Amino acid sequence: MIKELFPESQPISELRKLIETELPKENLNEGNTLWATSVCSDEVNQSLNQLNDYFKAFGPFIMGGISGIPFAGKTGFKAFASHIPDNGGAVIIYGPHIGITKDGKVGMINRDGQGESSSCCGSLVAGLNSVKTGNVLNISHDDYQQGQVNKILIERYDEIKKADRDIVMATEVAYDQIKRELTDIVAGSLDSLGEKPLLLIGGIIINRDWDQDDLFEVRDVAWYNN
Ligand SMILES: [Zn+2]
């Protein structure tokens, strides 16, 4: 199922190799590079934190909220940029996530300690359910991020409902949105980087059951300030 839906997915260790290959192109390395993420808050995405075995400085700076949208915004990015080592650079890993269980349930995973599988990405699944049941836009202070997620799914629901698997299309919609918002934030805040290079790596995190390693399908690799 994973190979069918995400044919380019690879272990997180391959994402590390990509970073190790890219950074030297701009005279960066594990010692002078700060990393950030714009991925969903779900603790399963801590699987990316095996990258901390590579980076020397504490990380990541967290740009993302639920679903992975960079809710930290320009202010968050400027703060991150101001923390980059002197003569160093930065990497941001971004994208949505989707669970696939061993028995092929898409948008679900079995979490450690639970007998039943649960939704993953829970934010996108909840958003889809909300849109399907006709809930209209409601952005409230106590559920602000989910309101924004619902808004994006409403805007592109025509494409989502035509898809074979709506959760897979919702994941693609989330990817497009995260990429667009993050690149807008970066492009609008390049001053805050000074001369420091920034690498953006976008992709889809594929979460698997708790006793299996997660995967990452790289979609975009882009340098800024290089
Ligand atoms: Zn999620």
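Please determine, by comparing only the residues of the stretch 46-92 that are part of a loop (DSSP other than H, G, I, E, B) and charged (D, E, K, R), which one is farthest from Gln145 (Cα to Cα). So the residue we want is Asp86. Being under 30 Å from Tyr224 (Cα atoms) and touching a Gly at 6+ places or on another chain (Cβ under 6 Å) is a property that does not hold for Lys151. For the residues Gly68, Gly31, the requirement of being under 18 Å from the mean Cα position of the chain (by Cα) and either at pLDDT 95 or above or within 16 Å of the ligand (Cβ to nearest atom) (or both) singles out Gly68.
One residue alone among Asp214, Asp176, Asp209 is under 12 Å from the mean Cα position of the chain (by Cα) and either open to solvent by less than 50 Å² (accessible area, probe 1.4 Å) or within 18 Å of Leu124 (Cα to Cα) (or both), and that residue is Asp176. Restricting attention to the stretch 115-137 and to residues that are in contact with a helix residue (DSSP H, G or I) (Cβ under 6 Å, 6 or more places away or on another chain) and either away from the ligand (no atom under 12 Å from the Cβ) or open to solvent by 50 Å² or more (accessible area, probe 1.4 Å) (or both), the residue that is nearest to Thr171 (Cα to Cα) turns out to be Leu128.
Number of residues in the stretch 95-114 that are surrounded by fewer than 19 Cβ atoms within 10 Å (Cβ to Cβ), farther than 17 Å from Leu5 by Cα and more than 15 Å from the ligand (Cβ to nearest atom) equals 3. Condition test on Ser82, is it within 14 Å of the ligand (Cβ to nearest atom) and either under 13 Å from the mean Cα position of the chain (by Cα) or open to solvent by 10 Å² or more (accessible area, probe 1.4 Å) (or both)? Criteria not met by Ser82.
The values are calculated or read from the model by the stated rules, or taken from the named source; none is laboratory data. Everything numeric in this text was worked out from a predicted model, so none of it was measured. Using ideal geometry, Cβ is built from the backbone for each residue, glycine included, and neighbour counts are taken over all protein chains shown. Note: accessible area is taken over every heavy atom of the protein model, side chains too, but ligands, DNA and RNA are not part of it. Shrake-Rupley method; radii C 1.70, N 1.55, O 1.52, S 1.80 Å.
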